[in-house]
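Remarks on the structure that follows.
The values are calculated or read from the model by the stated rules, or taken from the named source; none is laboratory data. Model, not experiment: these values are computed from the prediction. Positions of Cβ are backbone-derived with ideal geometry, glycine not excepted, and every protein chain shown enters the neighbour counts.
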Amino acid sequence: MTEFPALKKLSARVGSDPLLVQAAGGNTSLKQKGVMWIKASGTWLRDAGTLDIFVPVQHEALLAALARNDPACESCTDFVMADLNATGLRPSIETTVHALMPQRVVVHVHCVNTIAWAIRGDAEQRLTEKLKGFNWAFIPYARPGLPLANAIAARLRPGIDVLILGNHGLVVAAESVAEAEKLLGRVVNVLTRPVRAAVPPDLMTLGQLCLGTDYVPSSDTETHALATDGLALERGKNAVFYPDHVVFLGIGVATEIESAAPLVAIPGKGVLLRRDAKPAIEPMGRCLADVMRRIETDDPLTALDGEAIDRLVNWDAEKYRQSLDKRT
């Protein structure tokens, strides 16, 4: 499988870039001889070079199930090739996205710059201007799993190799890892938005606030920007704009230690984390900061509604993914 080593290297590179992937988000896949190897749910792409994080799935069987809208496509566990799955892990919650793309290599990222466009109410219109010359499609928000697969199938046309997922992220596909990486770079380049500089945190005040509590200041200056950038906090604290936010951070952003939230943004001072916070919390906090620092005051943003949030929070596949995010 000559492309597999290349896929692992690309996955590790992409997974180590916080502007593309955060924590266990994002996934990559490779189709070969009827098998689709896809990142396992709950694993981190950055570990692809050192850990076995790919799960083998029967591609044709999964496509047939998708065609009949089979509920088994929600988790895709029925299509795992157990004899080749040494880890026993489940396939990514976005396995169906990869299955629907006919290209051999698929890369799905939660690109910060893409999300900053994809959460706009006028996203499709604005992206049409940006993505001239690309074979792309805009997919209105749908919960990952079968709903997202159906939304993609409705808009997929021959030749499409770029998907912008509303309130979610970016997918690129190609016949080789090298081509997929090149396409990813081209799309990210044209979608890059201006970013406000990160304002340094007030570490002295944060340290005083932490005395006698279960909190510590974030170790990442970029994460602190969620609290020190007034516009970022104003626009991001009371809404949920993409799935991984609610899955890991809950609804909105806490601004007081008394909330007992895993992450607290102290306005104008910086971000605090609970000592027992799961590993995904800090990178997810940074993701929100990174997205919101690319948003302007008058940008027409569209948040996920209560029904969409409820479907994510109570989805078994997401509960499983969260269970794997353990402190080490």
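A few points about this structure:
- Just one of the numbered conditions (1) assigned to a loop (DSSP other than H, G, I, E, B); (2) at pLDDT 95 or above; (3) within 18 Å of Val112 (Cα to Cα) is not true of Leu163: (1).
- Residue that is within 23 Å of Asp305 (Cβ to Cβ) and surrounded by fewer than 23 Cβ atoms within 10 Å (Cβ to Cβ), where the choices are Pro158, Pro147: Pro147
- Residue count for the range 185-226, restricted to those that are of a type in the set (S, T, N, Q), out of contact with any helix residue (DSSP H, G or I) (no Cβ under 6 Å at 6 or more places or on another chain) and in a helix (DSSP H, G or I): 4
- For beta carbons closer than 9 Å, sequence separation of 6+ or different chains, a first residue in the range 212-237 that is not assigned by TED's automatic domain parsing to the domain that holds Arg286 and at pLDDT 95 or above and a second that is assigned to a helix (DSSP H, G or I) and surrounded by fewer than 22 Cβ atoms within 10 Å (Cβ to Cβ), there are no qualifying pairs.
- Any hit, the range 8-17, residues being farther than 20 Å from His168 by Cα, in a loop (DSSP other than H, G, I, E, B) and touching a residue at least 12 places away in the same chain (Cβ under 8 Å): no
- All told, Gly207 meets the bar of being free of Cβ contacts under 8 Å to residues at least 24 places away in the same chain and surrounded by fewer than 19 Cβ atoms within 10 Å (Cβ to Cβ).
- Some residue of the range 103-119 being at pLDDT below 95 and charged (D, E, K, R): no
- Filtered residues of the range 32-59 (kept if touching a residue at least 60 places away in the same chain (Cβ under 8 Å) and over 17 Å from the mean Cα position of the chain (by Cα)): Gln32, Met36
- Reported count of residues in the range 15-37, each being surrounded by fewer than 24 Cβ atoms within 10 Å (Cβ to Cβ), within 25 Å of Ile115 (Cβ to Cβ) and among the β-branched types (Val, Ile, Thr), is 0.
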